[in-house]
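Report on the following structure.
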Amino acid sequence: MLTLTRETGSVRDETREPFDRHLSDLFDRALDELLQREMSRLSFLGADDREVLRRHLADFVARGGRRLRPAFVYWGHRASGGSPDDLGAVLAAGCSIELLHACALILDDVMDESPLRRGRATAHVALAERHRELGWAGSPRRFGESAAILLGVLAFTWADSALLADRRRLADALEVFTQLRVELVAGQYLDLTCAARGGGDRREALLISTYKSGKYTVERPLHLGHAIAGGEPGLRRVLSAYALPLGEAFQLRDDVLGVFGDPALTGKPAGTDLLQGKRTYLLTLARERADGPGAALLDALPGTGEARPDHLAAAREVIVATGALEAVERRIRGLTDSAGEALSGADMPADARAALLGLTRRLAQPGPAASPDQAGRAASSCPASQPGSAPLAGSAPLAGPAPLAGPAEPAAGGAG
């Protein structure tokens, strides 16, 4: 049954929600067990230091996110005809992805100097404040950033530990996971250097979005599930044909939220992409289309720190007036159509196909200010910153569209 939720105005498929919650609960329980085990390795630290690690890493992983990437691991396994006996390996792989995601978010917040994540102070900001409050020696900011980097490295290490928890087809899974990490790190490097260099075209913007986000959000998690299932090579190609356009659509949606998103819904400041000079597809297209004054306005924002709200509002108006926002929305619709078409006729269980189509809607659905009219309103009002068990095959596919806060928690390097 489809209903319209009052809070968000989004469509909810109530027949899918119970299994969506059950699957998320399975991953949550697996993560809790893993985090308790890993925290026990830190008994040599003092109680205060263990509490810092628990609060800013273990709790960050356990209490945040919507388990989107683990869901793709699960449905990649199911689509590939995986056995219910593989549940432990699927959960282990999903946990490894979540820990890698936490690493990417923590390090990305340091690189972007972001003050907020999931509506709370980012790790490096909170740790700098702790340094300041305790009157420690040295620079609070330097300490906060250094400690946050170590938290990210620890999460990266725990991701390996998670994957080792169930070694079913470990060699194949580790090959996919290694490729995922290489692409994520190199994509983030491209993003960083492109913003520093300036310039860049739409081709480069799409390359960055593919490697810093799209592949590690959709394609490689699906491939992890496929590897654990021992799936056929032909089905892996189908999964890629579905995942690549969807991953690009996901990042484009994230780019829109990075400029027009409501911080109260996304949990992160809006306009950071503008202030940091990110060469996203949306902003690159706007610069190409803008007239002299409009392009100058967009190029003047990077490096200004916390720009005045009226300057950000004017920049948003330029993006809308050039038609860049509308063009990105059209591209998102075309990409999601392509993702759906890739599944038509594919040899996979019906519930897996239905679940993947549902995830397509979740990732690409319009968020706040997704149309030109809405974007115009956002430009004038958006602030500057600021257990019963179930078989592995599943009894129903995942839930439908996500709330208007965004497509799901964005990938590192994006808005959320």
Among 352-363, 225-236, 207-218, the order from most to least packed when residues are scored by Cβ within 10 Å on average: 207-218, 352-363, 225-236
Contour excess over end-to-end distance, with Cα ends at residue 207 and residue 32 and 0.36 nm allotted per residue: 59.5 nm
Percent of Cα-Cα distances greater than 25 Å, calculated over the stretch 184-297: 31
Accessible area per residue in Å² at 1.4 Å probe, computed on the stretch 165-243: 43
Probe 1.4 Å - accessible area at residue 177, Å² to nearest ten: 0
Part-to-part distance (alpha-carbon centres) for the stretch 260-305 and the stretch 348-363, which is given in Å: 33
Student exercise, the stretch 182-226 dipole from Lys, Arg, Asp, Glu Cβ charges, in Debye to nearest 20: 20
Relative compactness, the stretch 144-192, computed as alpha-carbon Rg over 2.2 N^0.38 Å: 1.36
Burial order of peptide ranges 142-155, 38-51 (average beta-carbon count within 10 Å, highest first): 142-155, 38-51
Viscosity 0.890 mPa s, 25 °C: Kirkwood-radius Stokes-Einstein D of the stretch 26-102 over Cα pairs, µm²/s: 183
Extended-chain gain in nm, criterion 0.36 nm per residue less alpha-carbon gap, residue 142 and residue 288: 48.8 nm
Per-bin percent of Cα-Cα distances, the stretch 227-363 [5 Å]: 2, 10, 17, 17, 14, 11, 9, 8, 6, 4, 2, 0
Two-site label geometry, residue 54 and residue 21: point separation in nm, points 7 Å out along Cα→Cβ: 2.8
Cut-off 10 Å between beta-carbons: net charge of the residues surrounding residue 97, Lys and Arg +1, Asp and Glu -1: +2
Accessible area per residue, Å², the stretch 73-129 with all protein chains present, probe 1.4 Å: 27
Relative contact order of the stretch 85-206, defined on C-alpha pairs under 8 angstrom at six or more residues apart (%): 31
Apportionment of accessible area to carbon and sulfur, the stretch 63-107, percent (1.4 Å): 50
Linear extension gain, residue 83 paired with residue 308, 0.36 nm per residue minus alpha-carbon span: 75.4 nm
Distance (nanometres) between label positions extended 7 Å along Cα→Cβ at residue 350 and residue 42: 4.8
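The values are calculated or read from the model by the stated rules, or taken from the named source; none is laboratory data. This one's a predicted model, so the numbers in the text were calculated from it and none came from an experiment. Because the Cβ atoms are built from the backbone with ideal geometry, glycine has one as well, and the counts that use them run over all protein chains shown. The area values use the complete protein model at the heavy-atom level, side chains included, leaving out ligands, DNA and RNA. Shrake-Rupley method; radii C 1.70, N 1.55, O 1.52, S 1.80 Å.
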